[in-house]
1. Kindly evaluate residue 114 against the criterion of being within 21 Å of residue 128 (Cβ to Cβ), surrounded by 15 or more Cβ atoms within 10 Å (Cβ to Cβ) and over 19 Å from the mean Cα position of the chain (by Cα).
2. Looking only at the range 278-296, filter to residues that are touching a helix residue (DSSP H, G or I) at 6+ places or on another chain (Cβ under 6 Å) and not in a helix (DSSP H, G or I); which one of those is surrounded by the fewest Cβ atoms within 10 Å (Cβ to Cβ)?
3. Does any residue of the range 4-14 turn out to be in contact with a strand residue (DSSP E or B) (Cβ under 9 Å, 6 or more places away or on another chain), farther than 20 Å from residue 266 by Cβ, surrounded by fewer than 15 Cβ atoms within 10 Å (Cβ to Cβ) and at pLDDT below 95?
4. For the structure I just gave you, tell me whether residue 82 is more than 18 Å from residue 270 (Cα to Cα), at pLDDT 95 or above and buried (at least 21 other Cβ atoms within 10 Å of the Cβ).
5. Tell me, please, whether a residue that is surrounded by 14 or more Cβ atoms within 10 Å (Cβ to Cβ), in contact with a helix residue (DSSP H, G or I) (Cβ under 7 Å, 6 or more places away or on another chain), in contact (Cβ under 8 Å) with a residue 24 or more places away in the chain and under 16 Å from residue 46 (Cβ atoms) can be found in the range 92-99.
6. So, of the residues in the range 19-54 that are over 17 Å from the mean Cα position of the chain (by Cα), assigned to a loop (DSSP other than H, G, I, E, B) and without any contact (Cβ under 8 Å) to a residue 60 or more places away in the chain, which turns out to be surrounded by the fewest Cβ atoms within 10 Å (Cβ to Cβ)?
7. Residue 275: free of Cβ contacts under 8 Å to residues at least 60 places away in the same chain, farther than 19 Å from residue 199 by Cα and surrounded by 13 or more Cβ atoms within 10 Å (Cβ to Cβ), yes or no?
């Protein structure tokens, strides 16, 4: 699988649940068809937006198999597989059936707060154990530690099998340093919907999006036009999503996007504890933003 397979719009897929807390497999399959039909470039499964920490390992295996079998090669699949126990992640990579998975997305170790050398050695062992290419995932707002540009560039340069980073620090100076100094084979993927336009304009190959769970065609159009340098069209679409960029994350993710998808009759507005649905006040704001978006 080439790095350019992950250019454009990647969707961080939600996990739909039924009111009894079980995985809504029928809704999941409908979502897959929705993304195929709406020209999503690739799917990111079992990541943060999928509420993976609240899924059992058995459920994760079941979801992965359902998706791989249903997609049947029509879209590349990136699978979240990471953790803060390096040995456990390595063991899983060595034993997991990753047939049909094109790359893994592995988050910076959370909670432990490793130093930069610890982050480097963690990823080095993962890359050596993984049968699939590895995409680094830097999201300090969730992990509690930032992987610096220097560490990202060291991994990109020194460790084989690491092909990209999903950079979600929100630090444009850091992202620019990686873009300016990265080796040719290594790519940068934006991890923040609101910054997709800016980061692609500076050289990122695309975005892994939460918002595009609901609006893959519209948001994908912005991403692709930005990649083509069509600034006027990009600005227009970017402004249409301005309200949603903030509202989707006002009470945490994926609570915001699940509310939107329920309003669009895609899934039930059900999350697993400790996550809960957004407030009725935010739900009404999201409804208004959707109406405004669809009216344009």
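1. On the way: within 21 Å of residue 128 (Cβ to Cβ): yes; surrounded by 15 or more Cβ atoms within 10 Å (Cβ to Cβ): yes; over 19 Å from the mean Cα position of the chain (by Cα): yes.
For residue 114, the condition - within 21 Å of residue 128 (Cβ to Cβ), surrounded by 15 or more Cβ atoms within 10 Å (Cβ to Cβ) and over 19 Å from the mean Cα position of the chain (by Cα) - is met.
2. Only one residue fits best here, namely 296.
3. Of the residues in the range 4-14, the ones in contact with a strand residue (DSSP E or B) (Cβ under 9 Å, 6 or more places away or on another chain) are 4-13.
Among the residues that remain, those that are also farther than 20 Å from residue 266 by Cβ are: 4-8.
Subsequent filtering for residues that are surrounded by fewer than 15 Cβ atoms within 10 Å (Cβ to Cβ) retains 4.
Okay, now just the ones that are also at pLDDT below 95, so 4.
For the range 4-14, residues in contact with a strand residue (DSSP E or B) (Cβ under 9 Å, 6 or more places away or on another chain), farther than 20 Å from residue 266 by Cβ, surrounded by fewer than 15 Cβ atoms within 10 Å (Cβ to Cβ) and at pLDDT below 95: present.
4. Details: more than 18 Å from residue 270 (Cα to Cα): yes; at pLDDT 95 or above: yes; buried (at least 21 other Cβ atoms within 10 Å of the Cβ): yes.
Against the criterion (more than 18 Å from residue 270 (Cα to Cα), at pLDDT 95 or above and buried (at least 21 other Cβ atoms within 10 Å of the Cβ)), residue 82 qualifies.
5. Restricting attention to the range 92-99, the residues satisfying the condition of being surrounded by 14 or more Cβ atoms within 10 Å (Cβ to Cβ) are 92-93, 96, 98.
Checking which are in contact with a helix residue (DSSP H, G or I) (Cβ under 7 Å, 6 or more places away or on another chain) leaves us with 93.
This time we only want the ones that are in contact (Cβ under 8 Å) with a residue 24 or more places away in the chain, so: 93.
Retained after the next criterion (residues that are under 16 Å from residue 46 (Cβ atoms)): 93.
Looking for residues that are surrounded by 14 or more Cβ atoms within 10 Å (Cβ to Cβ), in contact with a helix residue (DSSP H, G or I) (Cβ under 7 Å, 6 or more places away or on another chain), in contact (Cβ under 8 Å) with a residue 24 or more places away in the chain and under 16 Å from residue 46 (Cβ atoms), one finds at least one in the range 92-99, hence yes.
6. It comes out as 20.
7. Details: free of Cβ contacts under 8 Å to residues at least 60 places away in the same chain: no; farther than 19 Å from residue 199 by Cα: yes; surrounded by 13 or more Cβ atoms within 10 Å (Cβ to Cβ): yes.
In short, no.
Yes or no, residue by residue, for (1) at pLDDT below 95; (2) farther than 28 Å from residue 272 by Cα:
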{"site": "204", "(1), (2)": "no, yes"}
{"site": "207", "(1), (2)": "no, no"}
{"site": "211", "(1), (2)": "no, no"}
{"site": "215", "(1), (2)": "no, no"}
{"site": "221", "(1), (2)": "yes, yes"}
{"site": "229", "(1), (2)": "yes, yes"}
{"site": "233", "(1), (2)": "yes, yes"}
{"site": "237", "(1), (2)": "yes, yes"}
{"site": "251", "(1), (2)": "no, no"}
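The values are calculated or read from the model by the stated rules, or taken from the named source; none is laboratory data. Given the structure is predicted, the values throughout are model-derived calculations rather than measurements. Counting neighbours? That spans all protein chains shown, and the Cβs are built from the backbone with ideal geometry, glycine included.
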